[in-house]
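The values are calculated or read from the model by the stated rules, or taken from the named source; none is laboratory data. What you are looking at is a predicted structure, and each value in this text was computed from that prediction instead of being measured. Neighbour counts run over all protein chains shown; Cβ positions are idealised from the backbone, glycine included.
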Amino acid sequence: MLNKRFLTSKNIIFAVLVVALLLILPKIIGILMLFFGAYVIACALNPYVTKLMHKMNRTAASSLVILGSILGIIALFIPIAFVAYKEIKTFLLTLPEKITEVTNFLLHVEFYGHKIPEMLDPSTIFGQSSSFAQGLVNQSWSLTVSIFQLVMVSIALTMIVYYILVDKTYLKEKFLEFFPPDLKLKAEEILSTISNKVGGYVRAQILSMAAVGIMMAIILVILRVEYSTLLGLITGILDIVPLLGPTIALGVILLVAYPMGIGKIILIIIGFLLVQQISNYVVRPVLFGKLMELHPLMIFLALFLAEQFLGFWGVILSPAIAATVCVLIDELYIAPINLKAKEIDE
């Protein structure tokens with residue numbers, strides 16, 4: 001029989017709320033990831049806010065840091081965007097010629113003595129053209145909606161980060177109210193450790209992406225591949241999505257470089273794999289190890305689990321999630337066990 005002191009109205013209400021949260025969790029996982037992502041960014045920006053608070057209040061410091069971050073991103077991408085614009089413009093001007101080359105290749109290449117046009121049924125092609133056009137229109141509309149959603153999410157993310165930074169003390173006090181007095185100090189220490197580690201994730205990720213983009217751009221310049229700066233930028237940006245991002249980047253690079261011949265394509269693939277190896281085994285371990293104190297194996301484990309249960313944004317935030325879980329396990333389980341063992345030995 002259950003002890004009556006556990007069957008209080010407060011405990012029953014708490015249990016009901018936990019069950020309700022577990023039931024609705026799959027439907028709100030996207031919202032939770034948005035807020036967790038905002039928390040991660042806020043943790044990365046908070047040290048700069050703290051430094052500015054010697055000269056101004058927290059609201060002004062938070063506003064200045066966020067504005068400075070936005071301007072910094074814009075200033076960083078202006079020269080890149082200018083070069084990319086020139087390369088995109090050149091690419092679009094040469095696009096008809098490239099399409100003609102590909103078309104001529106497809107029209108004249110033979111497979112077992114037969115040309116491609118001879119193997120296709122014109123009625124089938126034209127019969128599917130209307131459905132293809134309709135699908136193209138639908139995809140264009142979906143892309144427009146996705147871009148609009150991305151803009152709205154970016155604005156919401158910025159506002160959430162702002163309020164987390166401004167009301168840090170208030171939010172922290174409210175969070176600590178969930179703990180009894182004898183555990184408040186420990187909870188505050190754990191929260192501080194988590195904040196430091198997940199804040200390091202943002203800095204490590206930005207430096208890692210920059211390193212990958214620069215290395216790939218240098219290799220493409222050496223191999224004299226067209227649009228090397230743009231392709232390096234694409235590789236660096238897509239590096240934020242583990243596994244899938246680099247695969248897409250390599251596909252784009254090969255699509256641009258295929259007229260250079262099989263020899264250059266092999267060199268590009270070797271160079272790309274070399275950059276990924278340097279990133280995975282040198283750059284990322286050093287950066288994430290130094291700024292997050294997180295072993296690469298934990299990052300891979302978090303990546304696969306996040307992809308399985310949390311989707312796209314979970315994959316991107318997987319190192320920060322891993323850092324949070326590792327801190328909780330270390331502070332709530334491993335540290336008490338080691339402390340007990342030490343007391344027994346003494």
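Some notes on this structure:
- The residue that is surrounded by the most Cβ atoms within 10 Å (Cβ to Cβ), counting only those in segment 150-184 that are among the acidic types (Asp, Glu) and in a helix (DSSP H, G or I), is 173.
- Hits in segment 289-317 (condition: modelled with pLDDT of 70 or more and either in the same structural domain as residue 38 (by TED's automatic domain parsing) or assigned to a loop (DSSP other than H, G, I, E, B) (or both)): 310, 317
- If you go through segment 189-240 and pick out every residue that is in contact with a Cys (Cβ under 8 Å, 6 or more places away or on another chain) and farther than 21 Å from residue 284 by Cα, you end up with 0.
- Residue list for segment 227-246, filter: of a type in the set (A, V, I, L, M) and out of contact with any Gly (no Cβ under 7 Å at 6 or more places or on another chain): 230, 231, 234, 237, 240, 241, 243, 244
- Residue within segment 168-179 that is acidic (Asp, Glu) and more than 30 Å from residue 277 (Cα to Cα) present: yes
- Pair list, Cβ < 9 Å and 6+ apart or interchain, from segment 162-179 residues that are touching a residue at least 12 places away in the same chain (Cβ under 8 Å) and closer than 18 Å to residue 34 by Cβ to residues that are in a helix (DSSP H, G or I) and aromatic (Phe, Trp, Tyr): 164/35; 164/39
- When residues of segment 42-72 are limited to those that are part of a helix (DSSP H, G or I) and among the basic types (Lys, Arg), the one nearest to residue 162 (Cα to Cα): 58
- Residue in segment 209-216 that is touching a residue at least 40 places away in the same chain (Cβ under 8 Å) and either of a type in the set (D, E, K, R) or not in a helix (DSSP H, G or I) (or both) present: no
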